[in-house]
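Written out below as structure tokens is the structure these notes cover.
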Amino acid sequence: MSLGYSRPDDLPNTLSTIMQDIIDDKSVDVSKSILHHDEGVDLLPSNIELSGLEVRLINAISRESVLKTCIHEVKKNYDTVLIDCMPSLGMLTINALAAADSVVIPTQPHYLSAKGLELLLRSVSKVKRQINPHLRIDGILMTMVMPRTNISKEITATVKSAYGQRIKVFDAQIPHSIRAVEATAEGKSIFAYDKGGKVAAAYEQFGKEVAEIGEKQRKQNRADRIR
């Protein structure tokens, strides 16, 4: 819906139909489900049917790698593939971690969000150990930050103190803003909706930090291949 498709439940082909075809060992054409946005982003959408798929994954063969199979079909066509996860640690999130090269962990500067970080980090560690040994954490991103409030400052400081020695906490912080909510409702990116605003500036800084991590990783991979 954030990319302008206001009736996702009416879409005939979605991520859930593709993943079900993979589970059923049917031929798969991921491209038929991909939607295109005017700003140059393609989308493989999900809808309410995805919640039912989680139950069916439990008894599937190679249940952790269904999404990886799906992404493998199209990733050669893209510079970057982003997997947006629901805030849970079920089979769909495990599939995302199994398919990913790296993880960005968004968290709000709230007590319960910060407490949930430890559970997520344990899940990432378990997936890395048992399923995807190349998985890495790029960093923790503070979102919906109200920088002038004491609770935001305290939780951010706590996260940096608890995890900052072993996990990067991005310098960029995404501020809480009604403009971001409005952009979502309009089906536009924050850059198209409010290019000069503070949220766009924060995301631009975040993008640069992620790009720097990616460049370092590519150099490291090249060095490893040479050795």
Looking at the range 1-46, what % of the alpha carbon pairs are farther apart than 15 Å? 44
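Given a 1.4 Å probe and heavy atoms of the protein chains only, how would you sort K216, K32, largest accessible area at the top?
K216, K32
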List the aspartates and glutamates whose Cα sits under 19 Å from the Cα of K126, skipping any in the same chain fewer than 8 residues away. E64, D101, E118, D138
Using a 1.4 Å probe on the protein heavy atoms, what percent of the accessible area of the chain belongs to carbon and sulfur? 52
Restricting attention to the range 123-185, which trypsin sites (Lys or Arg not before Pro) occupy a DSSP loop and are surrounded by at most 11 other Cβ atoms within 10 Å? R148, R166
Which value, in Å to one decimal place, does the Kirkwood hydrodynamic radius take for the range 95-227 when every pair of different Cα atoms is included? 16.4
Putting +1 on Lys and Arg Cβ atoms and -1 on Asp and Glu Cβ atoms, find which of P45, N59, S16 reaches farthest to the positive end of the dipole of the range 1-64. N59
Which one, I155, I22, I213, has the greatest fluctuation when you compute a Gaussian network model over the chain with C-alpha springs under 10 angstrom? I213
Under 8 Å for C-alpha pairs, at least 6 residues apart: give me the relative contact order for the range 1-112, rounded to a whole percent. 23
Table column - 3J(HN,Hα) (Hz), the range 93-104, Karplus curve with 6.51, -1.76, 1.60, x for Gly and Pro: 5, 4, 4, 5, 5, 5, 8, 7, 8, 8, 10, 10
If you count only protein heavy atoms and use a 1.4 Å probe, how large is the accessible surface of D101, to the nearest 10 Å²? 110
Computed on Cα atoms, the radius of gyration and Dmax of the chain in angstrom are 18.6, 54
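Per residue, how much accessible area does the range 91-142 show when a 1.4 Å probe rolls over the protein heavy atoms, in square angstrom?
49
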Could you sort out which of K68/K188; K76/K198; K128/K168; K195/K219; K68/K195; K115/K188 sit more than 24 Å apart by Cα distance in this structure? K68/K188; K76/K198; K195/K219; K68/K195; K115/K188
Based on DSSP, what percent of beta bridges with both residues in the chain are antiparallel, to the nearest 5? 20
Kirkwood Rh, Cα atoms: Rg over Rh of the range 1-118: 0.96
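Would you compute, from DSSP H runs of 4+ residues alone, the mean residue ellipticity of the chain at 222 nm, taking -39500 (n - 2.57) per run and dividing by the full residue count, rounded to the nearest 500?
Theoretical 222 nm ellipticity from helices: -15000 deg cm²/dmol.
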Sequence of Y111, Y163, Y193, Y203 when ordered by accessible area, the most exposed leading, probe 1.4 angstrom: Y111, Y203, Y193, Y163
Could you identify which residue out of A98, A162, A202 has the top mean-square fluctuation in a GNM of the chain using Cα springs shorter than 10 Å? A162
What's the magnitude of the charge dipole for the chain around its Cα centre, counting Lys and Arg as +1 and Asp and Glu as -1 at the beta-carbon? Answer in Debye, nearest 20. 1180
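The values are calculated or read from the model by the stated rules, or taken from the named source; none is laboratory data. Predicted model, so just to flag it, every value in this text is computed and none were measured. Neighbour counts run over all protein chains shown; Cβ positions are idealised from the backbone, glycine included. Please note that ligands, DNA and RNA were not included when accessible areas were found on the heavy atoms of the full protein model with its side chains. Shrake-Rupley method; radii C 1.70, N 1.55, O 1.52, S 1.80 Å.
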